[in-house]
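Heads up: the structure comes next, in C-alpha cells.
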C-alpha cells in the first residue's frame, strides 16, 4: 500500500516535489480554487501557516477546476492571485483533478484513507486533510470548515 511520503506532485512552478520532504511535519492538504465562495479561506489558511509553521505545520494547496470551473487560471495566474490577494506563502501545487479517472495520486490516497460523507469523493473546493508527523492521515474536514476551527486538531497533532 502506498504511503503519503511515497507520493509526489508538481509544484505551481512545475518542479517535482516529493512529499517525503515533509517527513516529521504536520501537513494540511487542501484542494483550492480562486473563484469560489470559499476562496476567502486562503486568508485563514495563511494565518494558520503563519502561526504554526515554526512548530512544524506545512499547508499544501492543490488548485482544482472540477467544481464549477472555479479555478480557470494557469499556474502564473493562480500564483499571482494567491500572493496578491491573500499573501499565500505556503506551498502551492499545479492544478489537479481530485475526482474521476484522472484523480491525482495524493487525493486518491487521502480519499482511500479518510472517506467522507460522499464516500471516496471530494464534495467541493477547500476540502482539507490533516496528516500527522508520521505521515498517517488524522482527519478530513468539510469544505465549509473554517481554517480557525482546525486549530485544536493541528495543535494536538503538533504535540503528538
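The values are calculated or read from the model by the stated rules, or taken from the named source; none is laboratory data. Treat the numbers as computed from the prediction; the structure is a model and nothing was measured. Here Cβ is always computed from backbone atoms with ideal geometry, including for glycine, and neighbour counts include all displayed protein chains.
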(request) Output the number of the condition that residue 63 fails; it satisfies all remaining conditions of (1) more than 22 Å from residue 40 (Cα to Cα); (2) outside any loop (DSSP other than H, G, I, E, B); (3) in contact with a helix residue (DSSP H, G or I) (Cβ under 8 Å, 6 or more places away or on another chain). (result) (1)
(request) Could you please give the count of residues in the range 93-132 that are part of a strand (DSSP E or B) and at pLDDT below 95? (result) 2
(message) Condition check: out of contact with any helix residue (DSSP H, G or I) (no Cβ under 9 Å at 6 or more places or on another chain), under 15 Å from residue 32 (Cα atoms) and not in a helix (DSSP H, G or I). Does residue 77 satisfy that?
(response) no
(request) Hey, can you tell me all the residues within the range 80-92 that are crowded, with 16+ Cβ neighbours inside 10 Å and either free of Cβ contacts under 8 Å to residues at least 60 places away in the same chain or not in a strand (DSSP E or B) (or both)? (result) 81, 82, 86, 88, 90, 91
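This table checks each residue for (1) surrounded by fewer than 18 Cβ atoms within 10 Å (Cβ to Cβ); (2) closer than 16 Å to residue 30 by Cβ.
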{"residue": "118", "(1), (2)": "yes, no"}
{"residue": "130", "(1), (2)": "no, yes"}
{"residue": "150", "(1), (2)": "no, yes"}
{"residue": "153", "(1), (2)": "yes, yes"}
{"residue": "156", "(1), (2)": "yes, no"}
(request) Could you please let me know if residue 64 is at pLDDT 95 or above and surrounded by 19 or more Cβ atoms within 10 Å (Cβ to Cβ)? (result) yes
(request) Looking only at the range 42-57, decide whether some residue is without any contact (Cβ under 8 Å) to a residue 12 or more places away in the chain and either in contact with a strand residue (DSSP E or B) (Cβ under 6 Å, 6 or more places away or on another chain) or under 23 Å from residue 111 (Cβ atoms) (or both). (result) no
